[in-house]
Amino acid sequence: MSLSPVRGATAVRLDQPLPADFGSATRWSAVLRYRRWPVFSKRWLLGRLLLFGLALLGLAALTALGLLASGIGAATALLAGGWMLVGFLLMAFAGPLMAALVRYRGLPAVPERRWMVAAVLVGISLSFFIERWASGHIDALVKVVLAEGRLAHAAGMADAADIARVPWVVAVNVVAELLFYFLVGGGAALLGYRREQQQWDSSRQRQHLRRVEQQQRESELRLAVLQAQVAPHFLFNTLASIRALLASDPPRAEQTLDALVDHLRATVPMPDGIEAPSASTLAQQIDVARSYLEVMRLRLGDRLVHRVDADAACLAQPFPPLLLITLVENAVKHGIEPKRGPGLIVLKAVRDGSLLRVSVIDDGVGLAPGMGRGMGVANVRGQLAARFGAAARLELADREAGGFQATVVVPSSEP
């Protein structure tokens, strides 16, 4: 199997160094620079080979020198040191090499972690047999020297062998060997791999939070701009109605102007800084809708009647800004204005288990072709999707008794 970098479900590029915010990527000296690369990647393996190779070469040299000092010939001492070097290198890389083969397959995160553990455990098991194989060759060399009587401290070695057979010494040796096999055979690297995965998870979470915060800021800015704007046609038409009423019905003109001022107070931010309407309650949004409906009632010559059907618990619930007023404007424009005679708009809110259902109900002309695909409806659906995902929806339906009903369904907060 060729070791080529692939992108698995974990989205980790094995041919690129770890991000700078990973703790192990920047705190190590030049000798440990391999730690800057993903665990079990090619660059990580090469760096680890260089580090372990130098350390084991020094250990093998010290072993050879010790054997020379004990009376073993130079050739035998070098051969024993060579067997030690080869054996330890194979032990140190059996597990990591098998883990690398797994990681370069680009498996999804959970299967990759399971197979990685299995690969390292197999490598640790192989380390046991590799150590026995290398030790066997070294012991054979030493026995030959003992048989020839060329070892100056043979009696001392025999005494050491007797001590090694003491039960508690055997137990300590077994524990030490198991720990040694685990650390050298890839167990320590596996811990590093697990730590790296946790760092990746934390990094992705931080990136996700930054994206969400950025999207929220952009969304709130758009909402602030929308809230700071008054639909030109609504404002101009209302001012034109007031101008016409000034000549024919001054008291009504004054009422319409007062209603318009109330609506502007509810919708236009104060001049001390535009704050994004990131949080609002249903009561606040109903106040905005009610002020708009009052202006339209006066403009339409009392052809419009409106009422609110919601209890205090529903009114206190959080509710996104600008959704309700959009549906109310649609109800007036497409339902009541085209209708002959008086019309009724009801704002209704009910708790339905863990959901809050807020409806705009009118007895107007009903759903016109294309109404459900208008810009206002699309904006409502887009805001619901951005804020709540699949947990919220907009329901549109004609009413059997005539008219139309638009319902926003959002998760409710705790009472």
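FYI, it's all coordinate maths here, none of it is from the lab. These figures come from a predicted structure and were not determined experimentally. Note: ideal-geometry Cβ built from the backbone for every residue, glycine included; neighbour counts use all protein chains shown.
Some notes on this structure:
- Exposure proxy order (Cβ contacts within 10 Å, fewest to most) of GLU400, GLU131, GLU213: GLU400, GLU213, GLU131
- Length-normalised contact order of region 229-411 in % [C-alpha pairs under 8 Å, at least 6 apart]: 17
- Estimated distance in nm for a label pair at ALA391 and ALA247, the labels positioned 7 Å out from Cα along Cα-to-Cβ: 5.6
- Karplus-derived 3J(HN,Hα), 6.51/-1.76/1.60, for each residue of region 291-298, Hz, glycine and proline x: 5, 5, 5, 5, 4, 5, 4, 5
- Point-charge dipole on Cβ atoms (K/R +1, D/E -1) for region 229-411, about Cα centre, debye to 20: 400
- More than 28 Å apart - percent of Cα-Cα pairs taken over region 229-411: 24
- Residue order, fewest to most surrounding Cβ atoms within 10 angstrom, among ARG290, ARG105, ARG340: ARG340, ARG105, ARG290
- Remark on region 287-339: ratio of C-alpha radius of gyration to 2.2 N^0.38 Å is 1.22.
- Counting every other Cβ atom within 10 Å of each residue's Cβ, VAL39, VAL212, VAL358, VAL305 order from fewest to most as VAL212, VAL305, VAL358, VAL39.
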